[in-house]
1. Can you report the number of residues in region 75-102 which are aromatic (Phe, Trp, Tyr) and within 14 Å of PRO13 (Cα to Cα)?
2. Would a scan of region 125-143 turn up a residue that is surrounded by fewer than 21 Cβ atoms within 10 Å (Cβ to Cβ), farther than 22 Å from LYS193 by Cα and within 20 Å of the chain's Cα centre (by Cα)?
3. Yes or no: region 105-112 includes at least one residue that is surrounded by 12 or more Cβ atoms within 10 Å (Cβ to Cβ) and at pLDDT 90 or above.
4. Just name the residue that is surrounded by the fewest Cβ atoms within 10 Å (Cβ to Cβ) out of those in region 52-66 that are out of contact with any Phe, Trp or Tyr (no Cβ under 8 Å at 6 or more places or on another chain) and either more than 30 Å from PRO221 (Cα to Cα) or not β-branched (Val, Ile, Thr) (or both).
5. When you check VAL21 against the structure, is it assigned to a helix (DSSP H, G or I), more than 29 Å from HIS191 (Cβ to Cβ), out of contact with any helix residue (DSSP H, G or I) (no Cβ under 9 Å at 6 or more places or on another chain) and outside the structural domain of PHE212 (by TED's automatic domain parsing), yes or no?
6. Restricting to region 68-82, what's the tally of residues that are surrounded by fewer than 22 Cβ atoms within 10 Å (Cβ to Cβ) and assigned to a helix (DSSP H, G or I)?
Amino acid sequence: MIGEALALYWTSPFPLAVLLVCGASMATLLYVFLTNARNARLRVSLLTGFYGLSIFFWLFVAVSLVLCVLQARTVAYRTWGVQVAVAGAVLTALAASLSISVVVWRRAAATVLRRFKPVLPSEGERWTQAYVNLLADFEAMARPQVLVVDRAEPLAMAVASKGTTILVSRGLFRLLDREELETTLGHEFMHLKNRDAEFKVFSRVFSRILFFDPFSKFFDPAVHREREYLADEAAARSTGKPAALASALMKLSREPIGKGAWGLSILGPAKGIFSRYPPLGERVRRLLLLSDLLRLGEAEGQTRELPGKS
């Protein structure tokens, strides 16, 4: 009976139509992604949408199989059985995705904060809060709270849920100079602005739940790499110091980072297509190229002003 239910279900046009729509949508997003190599913000949005569709795709397949097993008689012998099973699978997949998202959204930030046990900045570290406040005011955003993690390893990460927080470790203060710290804070601030902080934890939870999903194993890291590139560029433009951020990344690459911070801190292991971090050399190259472009733009602007001044 289960075999009959599975055969009837997967040869029916209704579940195949759902899979076809998902597949066509993912293919469209992937095509647009591949043809827009220079638009970082668009590529991030496209990959995020692709990842969301892949989650729904596999949840739909899993729920469909469960319904065919548990309700085999209904699916196989009722005229409306397949339609009801398809509707149930679609609604269950959507409900499961939404429920898990809400739980992760509400509790992920608190879990991260409990793990790192941050404290308020000391007197010599309070300038970081003032600097982040300026960034927030410039971007017309709510001011994130800067907290300090009492660890020797250099860490910088953004955490968001009901509120927004930027965590920096005491090891980061010792390793980086003032300009490098400013650009690092700018990088994490841009993660908050682009809502990357929520996405990082969200995707990590879903990738563990859907451990069998080959899409998430490939595209989840791709989304994270694009978001790192975007945060690098946005922070460099906002602070006007792309070379300082490149220098910070180079210093951080020579320091060990604990596994507990992988996927959350500004820098982590970058090996292969399954890494959540872009190659360090490519990040530095892009930042230095942006530095040259900004410097060239300033020089051209000064040249145009000279005739007017004379």
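The values are calculated or read from the model by the stated rules, or taken from the named source; none is laboratory data. All figures in this text were calculated on a predicted structure; none of them were measured in a lab. Note that each Cβ is placed from the backbone with ideal geometry, even for glycine, and that neighbours are counted across all protein chains shown.
1. Of all residues in region 75-102, those aromatic (Phe, Trp, Tyr) come to 77, 80.
Cutting the leftovers down to within 14 Å of PRO13 (Cα to Cα) gives us 80.
Final tally of qualifying residues: 1.
2. no
3. If we filter region 105-112 for residues that are surrounded by 12 or more Cβ atoms within 10 Å (Cβ to Cβ), which is where we start, we get 105, 107-112.
From the residues that got through so far, the ones that are at pLDDT 90 or above too are none.
No; the residues of region 105-112 include none that is surrounded by 12 or more Cβ atoms within 10 Å (Cβ to Cβ) and at pLDDT 90 or above.
4. This residue is LEU65.
5. On the way: assigned to a helix (DSSP H, G or I): yes; more than 29 Å from HIS191 (Cβ to Cβ): yes; out of contact with any helix residue (DSSP H, G or I) (no Cβ under 9 Å at 6 or more places or on another chain): yes; outside the structural domain of PHE212 (by TED's automatic domain parsing): yes.
The answer is yes for VAL21.
6. So the count comes out to 8.
Here is a yes/no grid of residues against (1) at pLDDT 90 or above; (2) farther than 16 Å from THR239 by Cβ:
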| position | (1), (2) |
| --- | --- |
| ASP137 | yes, no |
| VAL146 | yes, no |
| ASP150 | yes, yes |
| ILE166 | yes, no |
| ASP213 | no, yes |
